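Below: the structure, in structure tokens.
Nothing in this text is a laboratory measurement; each read-out follows from the coordinates by a stated rule. All values reported here derive from a predicted model rather than from experimental measurement. Neighbour counts are summed over all protein chains in view; Cβ atoms, including those assigned to glycine, are modelled from backbone coordinates with ideal geometry.
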Amino acid sequence: MIYGDKKTGILVQGATGKQGEFHIGLMNAYAREVGGRGVVAGVTPGKGGQQVHGVPVYNTVKEAMSDHDISASVIFVPAGAAADAIMEEANAGIETIVCITEHIPVHDTMKAIAYATMQGSLVIGPNCPGLLSPGEVKMGIMPAGLFSRGNVGVISRSGTLTYEVVDELTRAGIGQSTVVGIGGDPVIGQTFVDVLKEFENDPQTKAVVLIGEVGGNLEEEGAKCTDLPIVAYIAGISAPPDKRMGHAGAIVEGGEGDARSKIARLKKNGVPVASRPSEIPDMVRKLFCGC
Amino acid sequence: MKLREHEAKKVIKEYGIPVPAGFLIRTAAELPALLDALGDKIVLKAQVDVGGRGKAGGILMADKKTAVATAETLFKKEIKGLPVKEILAEQQLDIQHEYYLSITVDRSSKQPLILFTEAGGVDIEITAKEMPGAIKKVIATPLMRDLPPFMLRELAGKAPREIMPIINKLYRVFLEKDALLAEINPLVTTPQGVFAADAKIIVDDNALGRQGFTVNRDLTDREREAEKHGFSYVELNGAIGVIGNGAGLTMSTLDLIEFYGGKAANFLDVGGGAESERVMHAVRLVASVPSVKVIVVNLLGGITKCDEVAKGIIAAGISQKVIVRLAGTNEAEGRRLLTEKGYEMLPTMDSVVKKAVEVTA
């Protein structure tokens, strides 16, 4: 697994909001199931001293860090406050920052990621479902019931499409090491390249499913620089040019980043590309048997 | 959202980048009073939200005598199907050399990317292919308000010295106006100095509010209506309406329709935790598209409550056929409600899409 395990202590920013409260409950239910530490502290400015599902809430990240051993965080604050939340956590020394928040202006994200990088922190997202390592840790909002433990890593720009693929894999008896939703925005912290590097150093991960979509060329850049066996799927073959397909980053611009050319470049690099999600399990099986 | 040329020029002018003398007119009758300020040679540019307007006849040259008649001609034209409601009347520049300058968001480095070339005035994509060495690239850090002088020197090369402050001013525009793209093409030298002959700015849709925009002009009426309900919506032109949760899953559903030989009418992402009322609005919105014969609902997720979705579909009470794939909490209750009312519910994404394509074939 990558980006954390059972021993990882998690902080949640936006702990007292509707989303934060709901998902602290689910993350800690998962932690109890697998014997992990889960969410140990929450932060909402002005709500220090409260509790959410028994988790103590602090006014600042630094206060929470002085009382608890924390190395990761999940952010649920509104778009206008999310970049600030990322920077506060990076400044306090949190290693892995998962930002769920959608609709953050790109310039705010660029600044927050540049700052976090200077502080030595990793950012996953924004506009992502977080990550889940079956049997180890859940940081984010992925529905744990669909997952099973195994050797296949999954990297995706999407949320529900990831669940669809994970569900297919699990039904086919193919378990996952870590499933990472890297986010649907044009600028995200950990890209395919970064996550693939993590998977390369992870003894549990033997193959990777890469789920991309229209916009940019980071899928191809990632696939080019790894030796891990990969199966790819690219959503948006039917996406018209210059239209944002739900995600801020899912747009074919200036004739670039369309699905067909992405698929062609992946195939040229020897990466098998599924034409629909239900083909993925068989293609992964073929990677393992080498046929 | 794309700014129109006259809007983009107004923005860069505020930042001190010289633009040609120009006026926005809505009728040809406004022109005579402006002729003295415009000089002898005039260019009339249709302000339409479409690319390649020059080749489509949206830019006309004139002089003092022909200006009014030429403007009348341009107002009567349609540029790529769009009526000309506004014209930017500008002085013609005495161009000596054309440069290209653009600033974009670079996904790979996660930072602003600045491109400059002395081989401007032509299609930048062609320059990139034919003489990639002619395009100078610099990655900037978004944490600095100004570009360090060395970056400006690297970009400008042998170009006239007045270019360097213009690059920095455009960088300020890019940062402060939440731009995804700020471009001057061409940036020209004339005996009177350096001017931005054309300008393009795209503002981040997620920053429109703080940039003072109340509506996103890039959206169609129905797309705007969808936005009010918090849906992501894109109009296409097939017969199969699509409602999904999550952008990736919804896109993948459209692709599957194409895979099985059908055509999607739209993309509609209802978002997370869809309650019955939201689902009802989504179904009604898609059903209101005249070309829609059948609607595919593909919802998957831990927190989606299937009984809520079922209630929403039933409440919408539309005449077209609805085929449903639901996975999540209260799945059995959702299926009971739907089958009771005669709706079809199928277990997989492939099966709902196949069925919908059959219905429309």
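Taking a point 7 Å from the Cα of B:Ala119 along the Cα-to-Cβ direction, the residues of the stretch B:80-102 with backbone N closer than 20 Å to it are B:96-102. In a DSSP loop and with at most 11 other Cβ atoms within 10 Å, there are no GluC sites (Glu not before Pro) in the stretch A:181-242.
In chain A, helices alone account for a calculated mean residue ellipticity at 222 nm of -10500 deg cm²/dmol, with every DSSP H run of four or more residues adding -39,500 (n - 2.57). Zone of B:Lys41 (label point 7 Å along Cα→Cβ, backbone N under 18 Å): which residues in the stretch B:92-108? Taking a point 7 Å out along Cα→Cβ of B:Lys41, the residues of the stretch B:92-108 whose backbone N falls under 18 Å are B:92-99.
Residues whose amide H comes within less than 5 Å of that of B:Leu180, counting only those at least five positions distant or on another chain, are B:Ile202, B:Val203, B:Asp204 (H built at 1.01 Å from N in the peptide plane). Per-residue ellipticity at 222 nm from helix content only, as computed over chain B with -39500 (n - 2.57) for each DSSP H run of at least four residues, stands at -9500 deg cm²/dmol.
Which one of B:Gly157, A:His53, B:Gly22 is farthest out on the positive end of the charge dipole of the protein assembly as shown, using unit charges on Cβ (Lys, Arg +1; Asp, Glu -1) and the Cα centre as origin? Farthest towards the positive end: B:Gly22. If R0 is taken as 51 Å, the Cβ-Cβ distance between A:Lys268 and B:Arg336 corresponds to a FRET efficiency of 0.55.
Its residues counted as N, chain A yields a C-alpha radius of gyration over 2.2 N^0.38 Å of 0.97. Place +1 on the Cβ of every Lys and Arg and -1 on the Cβ of every Asp and Glu in the stretch B:197-314, take the dipole about the Cα centre, and give the residue among B:Ser252, B:Gly312, B:Asn206 whose Cα lies farthest towards its positive end. Of the candidates, B:Gly312 comes out farthest on the positive side.
Using Cβ point charges alone (K and R +1, D and E -1), the dipole size of the stretch A:10-124 about the Cα centre works out to roughly 140 debye. The count of lysine pairs in the stretch B:97-207 that are at least 8 places apart or cross chains, and whose C-alpha atoms lie under 26 Å apart, stands at 22.
What the Cβ-Cβ distance of B:Arg26 and A:Lys6 gives, at R0 = 56 Å and to the nearest 0.05, is a FRET efficiency of 0.25. Spacing of the modelled spin labels on B:Leu34 and B:Glu86, each 7 Å from Cα toward Cβ, amounts to 1.1 nm. Residues A:Val180, B:Val105, ranked from the fewest to the most other C-beta atoms within 10 Å, line up as B:Val105, A:Val180.
Using the Cβ-Cβ distance between A:Ser71 and A:Lys224 with R0 = 25 Å, the FRET efficiency computed as 1/(1 + (r/R0)^6) comes to roughly 0.20. With neighbour counts taken as other beta-carbon atoms within 10 Å, the residues B:Asp350, B:Asp255 rank, fewest first, as B:Asp350, B:Asp255.
Qualifying trypsin sites (Lys or Arg not before Pro) in the stretch B:27-57, where qualification requires a DSSP coil assignment and no more than 15 other C-beta atoms within 10 Å, comprise B:Lys55. Computed from backbone phi with θ = phi - 60° and the Karplus coefficients 6.51, -1.76 and 1.60, the 3J(HN,Hα) list for the stretch B:225-237 is 4, 5, 4, 4, 7, x, 8, 8, 9, 9, 7, 10, 9 Hz; x is used for glycine and proline. Candidate cross-link partners of B:Lys355 among the lysines, defined by an alpha-carbon separation under 17 Å and a same-chain spacing of 8 or more, comprise B:Lys263, B:Lys293, B:Lys321.
Pairs with C-alpha atoms separated by more than 32 Å, drawn from the list B:Lys85/B:Lys228; A:Lys224/A:Lys286; A:Lys138/B:Lys341; A:Lys224/B:Lys354, are A:Lys138/B:Lys341; A:Lys224/B:Lys354. About its Cα centre, chain B has a charge dipole of approximately 100 debye under the convention of +1 per Lys or Arg Cβ and -1 per Asp or Glu Cβ, with nothing else charged. Its relative contact order, with pairs defined as Cα atoms under 8 Å and 6+ residues apart, puts chain B at 13 percent. Applying 0.36 nm per residue to the separation of B:Gln211 and B:Gln96 and subtracting their alpha-carbon distance, the gain on full extension is 37.8 nm.
For the residue pairs A:Lys18/A:Lys262; A:Lys262/B:Lys13; A:Lys206/A:Lys268, alpha carbon separations beyond 28 Å are given by A:Lys18/A:Lys262; A:Lys262/B:Lys13.
Charges only on Cβ, +1 for Lys and Arg, -1 for Asp and Glu: so what's the dipole of the protein assembly as shown about the Cα centre, in debye to the nearest 20?
Dipole magnitude for the protein assembly as shown comes out near 720 debye.
Applying both filters, DSSP loop and at most 15 other Cβ atoms within 10 Å, to the GluC sites (Glu not before Pro) of the stretch A:1-82 eliminates every site. Simple rule: put +1 on each Lys or Arg Cβ and -1 on each Asp or Glu Cβ in the protein assembly as shown, find the dipole, and look at A:Ala31, A:Gly80, A:Asn217; the Cα lying farthest toward the positive end is A:Asn217. Under the simplified labelling scheme, the A:Gln51-B:Asp63 pair shows an inter-label distance of 8.8 nm, with each label point 7 Å from Cα along Cα→Cβ. Fewest-first ordering of A:Asp5, B:Asp94, A:Asp194 by other beta carbons within 10 Å of each residue's beta carbon gives B:Asp94, A:Asp5, A:Asp194.
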